[in-house]
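What follows is a set of notes on a single structure, which appears directly below.
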Amino acid sequence: MKVTLFATCLVDMFQGDVGKAVVEVLERLGCDIDFPENQICCGQPAYNSGYVKESKNAMKKMISAFEQAEYVVSPSGSCVYMFKEYPDVFQGDPIWEQKAQALADKTYEFTEFIVNVLKIEDVGAHLEGTATYHTSCHMTRLLGVKEAPLKLLRQVKGLQYVELPGKDRCCGFGGTFSVKMGNISGEMVTEKVHDVEQTGADILIGADAGCLINIGGRINRQGKPIKVMHIAEVLNCQ
Amino acid sequence: MKTSDDLFNHRVTKELDNTFMRGAVSSAQERFQTRRLLQAAELGHWEEWRSHGEEIRKHVLANLDFYLYQLSENVAQRGGHVYFAQTAKEATNYIKGIAKKKNAKKIVKSKSMVTEEINLNTVLEELSCEVIETDLGEYILQVDDHEPPSHIVVPALHKNKEQIRDVFKEKQGYDKTEKPEELALYVREKLRNEYLTADIGITGCNFAIAESGSITLVTNEGNADLVTALPKTQITVMGMERIVPTFEEMEVLVSLLTRSAVGQKLTSYITTLTGIKEEGDTDGPEEFHLVIVDNGRSDILGGEFQPILQCIRCAACVNACPVYRHVGGHTYGSIYSGPVGVVLSPLLGGYDDYKELPYASTLCGACTDACPVKIPLHQLIHRHRQVIVENEGRAPVSEKLLMKAFGLGASSPTLYKMAAKMASPTMSPFTKDNKISNGPGPLKAWTETRDFPAPNKDNFRNWLKQRSKGGEQ
C-alpha cells in the first residue's frame with residue numbers, strides 16, 4: 001500500500017526520531033512510503049494566531065505537494081486537523097476549495113490510519129515499562145481520534161498502562177500561546193507534569209510533537225525521571 | 001462590564017500568584033465538571049439534548065424581532081411596562097426614573113450579569129439609593145468594597161470561607177466562625193430584613209417566555225423569589241436575546257442550564273412570574289417593568305459572531321477552561337470571563353480594553369465540548385484573532401514581521417531548506433547538551449520554565465532521502 005508521509009515541520013526540525021519511527025512502523029506493516037519534498041508546514045502557527053492571509057500560501061503549497069498522494073499519513077493530530085480545516089479556509093475559491101477538500105478527505109493521523117485503514121491493532125511492539133498517555137486536544141476533541149491510540153497501546157507487550165488524571169486537560173502548548181502567554185503556559189504544563197508524576201509511570205506517551213516538546217521540556221527542566229515518547233516510537237520498539 | 005484598569009499582563013502575574021484563588025478555582029472546576037458529566041450521563045442522550053438546545057436558541061435568534069414583539073405585547077397585556085433600551089445609558093436612565101418616581105431609598109436585587117454590564121448599581125447609588133445584592137456571592141463581593149465577580153455563576157468563587165469570614169468581620173463586625181452554616185445564617189438574617197423594607201425589587205431574567213409574557217428565574221438560594229415577593233415595584237432587566245417561545249423550550253433550556261452550570265437536575269427554585277397583581281390574585285407586584293437591553297447585541301446579530309448570542313449563561317465553558325483554571329476570572333478584566341467572556345467582551349466592549357483576551361487560549365476546544373447549546377466557542381475565539389490581525393491592524397509589529405517571514409518560508413521549499421540547514425548552527429550558541437535552556441527572542445518566554453530541543457543537526461527528510469538511496473539508516 002502506497003502511503004505518503006506528511007512529516008510535519010516540528011518532526012522534521014526537532015523530532016527526527018519520531019519521523020524515523022513512523023517510517024519504520026508503516027514499512028513493517030506493509031506500506032511503501034513516499035515523501036513529497038515540497039512539503040513544509042501545514043500553516044497552523046500563522047493561521048491559529050489569526051494570520052490567515054499569510055498562512056494561505058503555505059497551505060496551497062501543501063495541497064499541491066500532496067496532490068498525487070492516495071493516503072496522506074501524519075504523526076500529528078493537530079496538523080491533520082489543520083488539513084481538515086483547509087476546505088473552510090478556501091471556501092468559495094473556485095480552484096482551491098475542491099483541491100483542499102480532496103486533501104482533507106485522504107489525510108489520516110498515524111494511529112487512526114493503522115487502526116481504521118490498515119485495520120491492525122497489534123503491530124508486534126514490545127516495550128517493558130509503565131506508561132501513561134496524554135490525549136492531545138486537537139487530535140482528540142477536534143479531529144475526533146480517541147480510541148485508536150489506546151487500542152494500539154493495549155497490544156504493546158510488556159507495557160503497563162495507567163490512566164492519566166486530567167488526561168483531557170490541555171498541556172498548555174497551544175502553539176504560539178506557549179510563547180505569547182509563556183507564564184500561563186508554564187503553569188499549565190507544570191500541572192500536567194505533576195499529573196504525570198502522580199501516575200507513577202516511567203514513560204509518558206503522546207501523539208503530537210507540540211505537546212511532547214512542551215511537556216518533555218518541562219520534565220527536563222524539573223529533572224524528573226520520566227521518559228517522553230511519541231506513540232510511533234513506542235510502536236517501533238521490538 | 002470592565003472590572004480593571006490594570007494592564008492585562010499585570011493582571012496575569014498578580015492572579016498567577018494568588019494561590020488561594022487557584023486552589024479554589026481548580027477544586028470548583030473539578031466539582032462542577034464531574035457533576036455535569038454525571039448528570040449528562042444520567043439524563044442520557046446528552047448530545048441530542050445539546051442539539052435540541054442549539055436548535056431552540058438558533059431559531060429564536062433567527063426570529064428575535066418576532067419573539068420580542070410577542071413578549072412585549074404579552075407583558076403589556078398582563079399589566080406590565082416594557083422598555084427597549086438600545087444602550088446601557090438608556091436602560092439605567094429608565095430605571096433611575098422609576099427609582100426617583102417611587103422615591104426609593106432601598107432596592108434589593110437578585111443576581112443579574114446584564115445589570116453589572118450596564119453598571120446599574122453605581123447609577124442607583126448616585127441617587128443615594130441603597131442597593132443590596134441578595135445572591136450570597138454577590139453580597140459578599142458587595143460588602144468587600146464592591147469587588148467585581150470572577151465567575152458568571154458563582155461570582156465569589158475566588159474567595160475561601162476564611163476570607164469570607166474576614167470580609168464580614170472587618171466590614172460588619174461579624175464575630176462568629178468561618179463555618180459555612182454560620183456564615184450563611186448570618187447573611188440570611190441580615191438579608192431577611194432588607195427584603196422586608198425594600199422599596200423596589202430588581203431581578204435579571206434567565207429566560208423570558210414570549211407566549212405568556214413571563215420571566216423565569218433560576219436560583220438555588222431563593223433570593224430572587226424573595227426579591228420579587230415583597231417590594232411592590234418590580235423591575236426585571238434582560239439581555240434582548242434571553243428569550244424562548246414557550247414554556248416547552250424553557251423546560252429544555254433550564255434542564256440543560258442546571259446540569260451544565262452546577263451539575264444539578266434542578267435548582268432549588270425555578271420560578272416563572274407573569275405581570276402584576278390582578279383581581280383575584282393573592283400576590284404580585286403593583287407595578288412591573290421589563291427592561292430589554294440591547295447594548296451592542298443587535299450588532300452581533302446577523303454577523304459571524306451571532307452564535308455567542310445562543311449563550312444561556314451556564315458557565316460550563318468557564319468550568320472547562322484550562323486557562324481560566326490558572327488565572328481566574330479577574331484576569332479577564334471583564335464581568336464576563338472564561339471562554340464566553342473572551343468572545344463576548346470585545347464584542348460588547350470593543351477591542352481596546354479586551355484585545356489580549358482572544359490570545360489567552362490554547363484553542364483546546366474544551367469550551368466548545370462543554371457548551372450545552374453547541375456554541376463553537378474556540379472557533380469564535382480564533383475568529384477574533386483574525387479580526388484583530390486583519391481588520392483591526394492591532395497585531396504587534398514584530399509579530400507581523402515574523403508571520404510574514406513564516407508565510408514566505410513556509411511557501412518556499414528552497415527557503416525552508418535553507419532555514420532548516422541554518423537552524424542548528426544558528427541556535428548553537430544557545431544549545432547545550434542538545435537542548436536550549438535560555439532561548440533568544442520569543443523562545444525566552446518558553447525557556448523560563450521549559451527546555452527546548454535543539455534543532456536536529458541533520459533533519460529528518462535528509463535521513464529519509466539517504467535511506468531510500470540505499471544509504472545508511
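The values are calculated or read from the model by the stated rules, or taken from the named source; none is laboratory data. Quantities reported herein were computed from a predicted structural model and do not represent experimental measurements. For neighbour counting, all protein chains shown are included, and Cβ atoms are generated from backbone atoms with ideal geometry for every residue, glycine included.
Structural remarks
- Meeting the requirement of 1 or more residues that are over 30 Å from B:Asp199 (Cβ atoms), the helices (runs of 4 or more DSSP H) wholly within the stretch B:1-102 are B:8-16, B:19-43, B:46-62, B:64-77.
- When the stretch B:362-408 is filtered for residues that are in a loop (DSSP other than H, G, I, E, B) and within 7 Å of chain A (Cβ to nearest Cβ), the ones remaining, listed by number, are B:Thr362, B:Leu363, B:Cys364, B:Gly365.
- Against the list (1) under 23 Å from A:His134 (Cβ atoms); (2) assigned to a loop (DSSP other than H, G, I, E, B); (3) more than 9 Å from chain B (Cβ to nearest Cβ), the condition A:Ala7 fails is (3).
- Looking across the stretch A:34-44 at every residue that is within 8 Å of chain B (Cβ to nearest Cβ) and surrounded by fewer than 23 Cβ atoms within 10 Å (Cβ to Cβ), the one that is nearest to A:Thr111 (Cα to Cα) is identified as A:Phe35.
- Filtered by the rule that a residue be without any contact (Cβ under 8 Å) to a residue 12 or more places away in the chain and either part of a loop (DSSP other than H, G, I, E, B) or small (Gly, Ala, Ser) (or both), the stretch A:71-100 gives A:Gln91, A:Gly92, A:Asp93, A:Pro94, A:Ile95.
- Condition met for B:Ser128 (out of contact with any strand residue (DSSP E or B) (no Cβ under 9 Å at 6 or more places or on another chain) and over 29 Å from B:Leu347 (Cβ atoms)): yes
- Only listed residue being within 9 Å of chain B (Cβ to nearest Cβ), small (Gly, Ala, Ser) and under 21 Å from B:Ser361 (Cβ atoms), chosen from A:Gly174, A:Gly216, A:Gly210: A:Gly174
- Residue count, the stretch A:126-158 (criterion: under 24 Å from B:Cys321 (Cβ atoms) and under 14 Å from the mean Cα position of the chain (by Cα)): 14
- Residues located in the stretch A:219-238, provided they are charged (D, E, K, R) and at pLDDT 95 or above: A:Lys227, A:Glu233
- A:Leu164 being in a strand (DSSP E or B) and touching a residue at least 24 places away in the same chain (Cβ under 8 Å): no
- Taken over the stretch B:144-164, the residue count meeting the criterion of being in a helix (DSSP H, G or I) and surrounded by fewer than 20 Cβ atoms within 10 Å (Cβ to Cβ) is 3.
- Number of the exception - B:Asp352 against (1) over 15 Å from the mean Cα position of the chain (by Cα); (2) more than 14 Å from every other protein chain (Cβ to nearest Cβ); (3) touching a residue at least 24 places away in the same chain (Cβ under 8 Å): (3)
- Scanning the stretch A:219-232 for residues that are surrounded by fewer than 24 Cβ atoms within 10 Å (Cβ to Cβ) and part of a helix (DSSP H, G or I) yields A:Ile219, A:Asn220, A:Arg221, A:Gln222.
- Selection status of A:Thr107, surrounded by fewer than 16 Cβ atoms within 10 Å (Cβ to Cβ), touching a strand residue (DSSP E or B) at 6+ places or on another chain (Cβ under 7 Å) and more than 9 Å from chain B (Cβ to nearest Cβ): no
- A count restricted to the stretch A:178-207 and to residues that are in a loop (DSSP other than H, G, I, E, B), more than 9 Å from chain B (Cβ to nearest Cβ) and farther than 15 Å from A:Gln160 by Cα stands at 1.
- Residue among B:Ser411, B:Ser424 that is without any contact (Cβ under 8 Å) to a residue 60 or more places away in the chain, of a type outside the set (Lys, Arg) and either outside any helix (DSSP H, G or I) or within 8 Å of another protein chain (Cβ to nearest Cβ) (or both): B:Ser411
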